[in-house]
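Here is the structure we will look at.
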Amino acid sequence: MKIVAHRGASGYCPENTLAAFKKAVEVNVDSIELDVRLSKDGVPVICHDAKINRTSNGTGYIHELTLEELKQYDFGSWYGDEFVGERIPTLEEVLVFLQESDVTVNIEIKNGPVIQGNIEEEMLRLVYKYDFNDRVWISSFDHHSLKKVADLDKHIKIGFIFHMNLINLFDYIDNSGIDPYSIHPNYFYITEEMLKEAHQRNYKVFAYTVDDVTVGEKYKHMGVDGVVTNKPLAYKQSGLFTSK
Ligand code: G3P
Ligand code: MG
């Protein structure tokens with residue numbers, strides 16, 4: 001079972017920072033999940049929330065701040081003194097950093113409160129520039145965005161995130177016109193039947209977000225392909241999850 005470090009190793013470092021991504025590589029995770037948004041001047045940057053208020057010493061919406069403005073703020077001190085000076089990473093900086101590693105990257109496209117017209121193109125441009133085509137898969141709650149990515153590149157891997165317990169999940173996927181690589185349901189919605197049908201269709205199933213290793217173990221035995229977790233170190237230390 002694969003271990004995907006959610007927002008980097010965010011259980012031990014400020015989420016979605018280079019510190020969190022370095023820690024995830026150190027822990028030897030299979031994959032890193034990160035959240036991409038566009039700055040006011042159209043640069044893909046890594047941040048979960050639409051605003052920087054929670055994870056920095058600044059305030060405001062990312063889409064209303066230029067990269068230069070965003071870079072002035074500290075994205076580490078809210079988490080702990082040892083992380084003072086962490087800056088918001090750009091997607092480009094993260095891909096450059098990860099080039100020397102062997103981790104794969106789950107890029108989650110964040111939209112809202114504005115739908116950022118060209119985030120898909122900007123994200124793909126960087127994926128191609130650093131030759132990550134075969135090392136990324138793209139997910140989102142915004143399935144229109146996923147459709148756009150799939151239309152732009154029919155080879156790129158797509159992962160549907162489902163935070164709702166849909167009645168006809170696979171009919172929904174069939175109607176979307178997307179042939180996904182994976183589905184990412186909220187872990188408590190995953191059933192044996194769902195796993196069976198997903199695997200018959202050759203879809204991977206990633207459970208999010210599972211920090212309790214004993215819960216992760218249960219899903220491993222059910223047959224999920226990966227867990228998305230803030231606590232990859234706990235999984236590695238458990239000795240149960242040695243996919244690498
Ligand atoms: O992998 C799914 C997970 O990242 C989605 O939730 O809100 O943490 O981006 P969120
Ligand atoms: Mg995410």
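Every read-out reported here was derived from the displayed coordinates using simple, explicitly stated rules and does not represent laboratory data. The model shown is predicted, which means the values in this text are computed figures rather than measured ones. Cβ sites come from the backbone with ideal geometry, for glycine too, and all protein chains shown count toward neighbours.
Quick notes on this one:
- Loop GluC sites (Glu not before Pro), the stretch 176-235, which have at most 16 other Cβ atoms in a 10 Å radius of their Cβ (DSSP): none
- Cα-Cα separations in the stretch 108-184 greater than 21 Å, expressed as whole percent: 25
- Gained length - HIS144 relative to LYS218, 0.36 nm times residue gap less alpha-carbon distance: 23.4 nm
- Normalised by the number of residues in the chain, the average gap of Cα pairs under 8 Å and 6 or more apart makes the relative contact order 21 percent.
- Helix-only mean residue ellipticity at 222 nm for the chain, each DSSP H run of n ≥ 4 adding -39500 (n - 2.57), per residue, nearest 500: -8500 deg cm²/dmol
- If the chain linking ILE167 and ASN53 were pulled fully straight, counting 0.36 nm for each residue of separation and taking away their Cα-Cα distance, it would gain 37.4 nm.
- Using the alpha-carbon positions of the stretch 101-244, Rg (one decimal) and Dmax (whole number) come out as 15.6, 44 Å.
- Averaged over residues, the count of other Cβ atoms within 10 Å places the peptides 141-150, 154-163 in the sequence 141-150, 154-163, highest first.
- Length available on full extension from LYS22 to ASP134: 0.36 nm per residue minus the Cα-Cα distance, which gives 38.2 nm.
- Inverting the pair-averaged 1/r between distinct Cα atoms of the stretch 26-176 gives 16.4 Å as its Kirkwood hydrodynamic radius.
- GluC sites (Glu not before Pro) within the stretch 94-134: DSSP coil, no more than 13 neighbouring Cβ in 10 Å: GLU100
- Distance from the alpha carbon centroid of the stretch 25-74 to that of the stretch 158-233 works out to 26 angstrom.
- Near LEU195: Cβ cut-off under 12 Å, other residues only, Lys/Arg at +1 and Asp/Glu at -1. The net charge is 0.
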